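Peer 1: Input: one structure, supplied below.
Just so you know, all these numbers are worked out from the coordinates, no wet-lab data involved. No experiment lies behind these values; they were computed from the predicted model shown. Ideal geometry is used to build each Cβ from the backbone, glycine not excepted, and the neighbour counts take in all protein chains shown.
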Amino acid sequence: MNNQALYNYILGVTDNSLILAQRLGELCGHGPSLETDIAITNISLDLLGQCRSYYQYAAKIKGGDTTEDSIAMLRTEREYVNVLLVEQPNEHFGFVIARQFLFDVFHLLQMQELQNSKDETLASIAAKNIKETLYHRRFSSDWVKRLGDGTEQSHAKMQEAIDALWRYTNELFEITEDDQKMIDAGIGVDVSKFKETYYKQVAEVLEEATLKVPENKYFQTGGKKGIHTEHLGYLLTDLQYMQRTYPNMKW
Amino acid sequence: MSEKEIKNLEAIFEQRIANEEKIEPKDWMPEKYRQTHIRQISQHAHSEVVGMLPEGNWVTRAPSLRRKAALLAKIQDEAGHGLYLYSACETLGISRDELYDQLHSGKAKYSSIFNYPTLTWADIGAIGWLVDGAAIINQVPLCNTSFGPYARAMVRVCKEESFHQRQGYEIMLTLCKGTPEQKAMAQDALNRWWWPSLMMFGPTDAESVHTEQSMKWKLKRKTNDELRQQFIDQTVPQADILGITVPDPDLKWNEERGHYDFGEINWDEFWQVVKGQGPCNRERMKARVSAWERGEWVRDAALAYAEKNAKKNIKKAM
Amino acid sequence: MKKEWPLWEVFVRSKNGLEHRHFGSLHAADAEMALANARDVYTRRNEGVSIWVVESSNITASQPENNPEFFEPAKDKVYRHPTFYDLPDEVKHM
């Protein structure tokens, strides 16, 4: 494969969506109301759809027997390069919303840049994703406000979730070697450029939600290098179960 | 109102239904009509919502991204169907919270089929093929039932449900065309889901208490036994195409009747599961109650926020 | 606090040129949420281009017991319908 950097870059973008979709899928049938269940499932479906487009493209680049499913389900834990934020568990609904919100703000900024990529496939997938992501951002922001500025109890729970997940936000803006190659080629997005915008946009919503912007400046990192939190292994156990137990079959 | 006046109203009411007129929520209706509809529609809604659980089991473990997306979309539809049906039920003057209370306290029933476990991926195929297949047979006649909101909800449900059975059958087909291991998985799923699927049509006509009244109100068009026969006749050839065997040694085509004869259903098992003794009754209820309780602070917060921000952000239609 | 999210009625315009039609109802804590829920519940198969939501309690309804005086007087006003008027066959398309 002469395009290893592009391949890796695509995984860097897409693993986030896959792992988050998987987390949201766990909630199916267990949400706080039927309407919320339907909404969360919709987001999960959007993210899954995005993954499929990217992984299909990545599979084409890699060639051979590679398929969207072998990429999604047959790597070792160390080969997944999603950020730590998206693999964090659904501790309670506040975590679901906080994780979604902290990711959506980033994801939208990322897609808005990626639609200008010199790589036409990436650009066109991104352009389609923007609409979905815009809606996700709106959904999660609304809920951050509802829970933050709802009852005393919900305020505390929402603050707890924001505080707990804050340490994973800085990693969103890290750039790997392959990312840098792709940025230099005009294909990848220099995410570090909108770091300030990100924190500003996040702070605006948190403020409206009467939540405190955490002051913690000590951040966790590792996901982009394949060094994850303990949670990912269990998630992958489910995700990969069928492909691992029954290798080389069609489903 | 005197008893005579009520009798008179009832006669007019029954005549309207006999004339294929629809009954709408604010129309006068006999109390029994209201109660029967609340019971049946809510039972139907509960079945959709509890039915999300056995399939939800496999969302995280679906074998491919395509299957995962299709399964999620299907379960999402079921949530939607539950929602349409609860809404139809609410027009009869009962709130969704009250309906949930009835479910959570065990007062209300839901389809027993969802008290069986989903143990392998093939079970997801079998549910789509058999359980949704049986549900469609039960549901299509309801698109024309006498109570307007129920009929309208069912039209929507049936329209959306048409992909569910195909989704399930396609899963089965892929397994049956796959490796011996996969085919065995499909056969095993059919073995476990066949009899419970037949039970979905309810007790035999001789044992069924509500049938006559339900026929009059068009809650039913055919009897349990007729529907069950229809299901068997339609499903057996589909199993043949798959190349797997229906687990009933007594199953054979009866030329004279023009139907399949089939073996005795284990009615003791049926009643035990109805009474709560099925393999997963406890787990299903626990999951529903727990989701509801864990969601309470979220629902309360959203209401509190709405009250604080009333009138803010409202975009008028005109 | 034990209170239910209020009920909303959902109206959807399937495409431009058509009126908004009643699609069904749902629960939501506020108008924004009602719109979002309506989008996910009633237009996930691309059924709409515009959504209205209105809290059910804001709808005023005629009562079936008033139907005789409400609707029956309109039944015999045949002169409101074109077929009431006799025209010779030679006059076409009127």
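Peer 1: Looking at C:Y85, A:T169, A:N42, which one has the Cα that reaches farthest to the positive end of the dipole of the protein assembly as shown (charges on Cβ: Lys, Arg +1; Asp, Glu -1)?
Peer 2: With unit charges placed on the Cβ atoms, the residue in question is A:T169.
Peer 1: Ok, one more. Which whole number gives the average count of other chain Cβ atoms within 10 Å of the Cβ atoms across peptide A:137-147?
Peer 2: 4
Peer 1: Separate question: What does a probe at A:M249 reach in the stretch B:93-130, counting residues whose amide N is under 18 Å from the point 7 Å along Cα→Cβ?
Peer 2: From the stretch B:93-130, the list is B:118-129.
Peer 1: Putting +1 on Lys and Arg Cβ atoms and -1 on Asp and Glu Cβ atoms, find which of C:H20, C:A38, C:T60 reaches farthest to the positive end of the dipole of the stretch C:7-80.
Peer 2: Farthest towards the positive pole: C:H20.
Peer 1: To the nearest 500 deg cm²/dmol, what mean residue ellipticity at 222 nm is calculated for chain B from DSSP H runs of n ≥ 4 alone, each contributing -39,500 (n - 2.57), summed and divided by the residues?
Peer 2: -20500 deg cm²/dmol
Peer 1: Once you average over the residues of B:171-179, how many Cβ atoms of partner chains fall within 10 Å of each Cβ?
Peer 2: Values: counts 1, 0, 0, 3, 3, 0, 1, 4, 4.
What the average comes to for B:171-179 is 2.
Peer 1: Taking R0 as 35 Å, what's the FRET efficiency between B:R66 and B:E283 from their Cβ-Cβ distance, rounded to 0.05? Let's see the in-between values first.
Peer 2: On the way: r = 29 Å, r/R0 = 0.82.
Once the sixth-power term is evaluated, E becomes 0.75.
Peer 1: Quickly work out the B:A310-to-A:T237 label distance, labels modelled 7 Å from Cα along the C-beta direction, and quote it in nm with one decimal.
Peer 2: 5.0
Peer 1: So if each residue of separation counts as 0.36 nm, and I subtract the Cα-Cα distance between B:V209 and B:E293, what length gain in nm does that give?
Peer 2: Stretched fully, the B:V209-B:E293 segment lengthens by 26.7 nm.
Peer 1: Over the Cα atoms of the protein assembly as shown, what radius of gyration and what Dmax do you get, in Å?
Peer 2: Rg and Dmax of the protein assembly as shown, Cα atoms, are 27.8, 92 Å.
Peer 1: May I ask you to list the lysines whose Cα is less than 20 Å away from that of B:K222, ignoring any residue fewer than eight positions away on the same chain?
Peer 2: B:K22
Peer 1: While we're looking at this one, here's another question. Suppose R0 equals 35 Å. What FRET efficiency, 1/(1 + (r/R0)^6) with r the Cβ-Cβ distance, do A:S124 and C:H93 give to the nearest 0.05?
Peer 2: 0.10
Peer 1: Hey, fewest Cβ within 10 Å first, where do B:M185, A:M249, B:M318 land in order?
Peer 2: B:M318, A:M249, B:M185
Peer 1: Now for a different question. Which of rounded, prolate or oblate describes the stretch C:7-80 when judged by the alpha-carbon gyration tensor and an a/c cut-off of 1.5?
Peer 2: oblate
Peer 1: So what is the calculated 222 nm ellipticity per residue for chain C, using -39500 (n - 2.57) for each DSSP H run with n of 4 or more, over all residues, to the nearest 500 deg cm²/dmol?
Peer 2: -5000 deg cm²/dmol
Peer 1: Convert each backbone phi in the stretch C:88-94 into a coupling constant with the Karplus relation 6.51 cos²θ - 1.76 cosθ + 1.60 (shift: θ = phi - 60°), then list the ³J(HN,Hα) values in order as whole Hz, x for Gly and Pro.
Peer 2: x, 4, 4, 7, 9, 6, 10
Peer 1: Would you mind computing, in nm to one decimal, how far apart the modelled labels at B:K109 and A:A156 are, each placed 7 Å from Cα along Cα→Cβ?
Peer 2: Between B:K109 and A:A156, the simple spin-label model gives 4.3 nm.
Peer 1: Another question, if that's okay. Just list whichever of B:K68/B:K109; B:K109/B:K220; B:K107/B:K286; A:K157/C:K3; B:K74/C:K3 have alpha carbons separated by over 22 Å in the model shown.
Peer 2: Long pairs (Cα-Cα over 22 Å): B:K68/B:K109; B:K74/C:K3.
Peer 1: Across the residues of B:82-95, average count of Cβ atoms on other protein chains within 10 Å? Numbers along the way, then the final one.
Peer 2: On the way: counts 3, 12, 6, 0, 4, 9, 2, 0, 4, 3, 0, 0, 0, 3.
Mean shielding by partner chains, rounded to a whole number: 3.
Peer 1: Another question, then. Using 7 Å Cα-to-Cβ label points, what is the B:E5/B:S95 separation (nm, one decimal)?
Peer 2: Label at B:E5, label at B:S95, 3.1 nm between them.
Peer 1: Please list the non-local residues whose amide H lies under 5 Å from the amide H of C:G24, H modeled 1.01 Å from N, same-chain partners needing a gap of 5 or more.
Peer 2: Those lying under 5 Å, H to H, from C:G24 are C:V10.
Peer 1: Take each uninterrupted DSSP H stretch in chain B, measure its Cα extent along the helix axis, and return the ones at 24 Å or beyond whose mean Kyte-Doolittle hydropathy is at least -1.0.
Peer 2: Result, helices passing both filters: B:31-56, B:65-90, B:148-176, B:180-199, B:224-242.
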